[in-house]
Amino acid sequence: MALRLEDKKAFVKEVNAVAVDSITAVAAEYRGLTVSEMTALRAEARNAGVYMRVVKNTLARRAIQGTEFECMQDTLKGPLLLAFSKEDPGAAARIIKNFAKDHEALKAVSLSAGGQLLEASELSKLAELPTLDQARAMLLGVMMAPMSKLVRTLAEPPAMLARTLSARASQEAA
């Protein structure tokens, strides 16, 4: 069923609004996926907080104009879906990568992060970025390391004295 002009304008406006607020985007070719597989992919994306839409190329090009994903315009060819990550930079790439492991028909075409066009081969690099919680845990670990080392250093002299006195006491008892 063909879209009316008003529907197309609303669709472009919706995708553009999502693209403006997003951190990363992935364009993937879905040719060969069944309806049930696409439904499963959309469910995974929804659960991960990723906005995913099947978009006609001309509408996609118009939707990403004026956003940091404008660099992807030349790569939008063939039947594509666009996935946008709003909070977690690696979420969309992670969804596409994990789903493509089991479904060879899904292939990443291009990705963009920070206004830069990345090769499809760099999908795994983007997918391996830590989540927000993982990044916070890593930062906390880095911040706590000097404090815990200081505490161990301050606690060592009394512990050494206690071990020396204990050894001396056992030596005298023998």
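The values are calculated or read from the model by the stated rules, or taken from the named source; none is laboratory data. Every value quoted in this text rests on a predicted model; they were computed, and no experiment measured them. Neighbour counts run over all protein chains shown; Cβ positions are idealised from the backbone, glycine included.
The residue that is surrounded by the most Cβ atoms within 10 Å (Cβ to Cβ), counting only those in region 67-81 that are of a type in the set (A, V, I, L, M, F, W, C) and in a loop (DSSP other than H, G, I, E, B), is Phe69.
With respect to the conditions (1) more than 21 Å from the chain's Cα centre (by Cα); (2) surrounded by 18 or more Cβ atoms within 10 Å (Cβ to Cβ), Glu172 lacks only one, and its number is (2). Within region 47-91, take every residue that is of a type in the set (A, V, I, L, M, F, W, C) and within 13 Å of the chain's Cα centre (by Cα) and give me the one that is nearest to Ala27 (Cα to Cα). Only one residue tops the list, namely Ala83. Once region 26-58 is narrowed to residues that are in a loop (DSSP other than H, G, I, E, B) and without any contact (Cβ under 8 Å) to a residue 60 or more places away in the chain, the residue that is surrounded by the fewest Cβ atoms within 10 Å (Cβ to Cβ) is Thr34. Apart from one condition, Glu87 fits all of (1) charged (D, E, K, R); (2) in contact (Cβ under 8 Å) with a residue 12 or more places away in the chain; (3) surrounded by fewer than 14 Cβ atoms within 10 Å (Cβ to Cβ); (4) part of a helix (DSSP H, G or I); the exception is (4). A single entry from Ile64, Ile23 fulfils the requirement of being in contact with an Asp or Glu (Cβ under 9 Å, 6 or more places away or on another chain), at pLDDT below 90, under 30 Å from Arg136 (Cα atoms) and surrounded by 17 or more Cβ atoms within 10 Å (Cβ to Cβ): Ile23.
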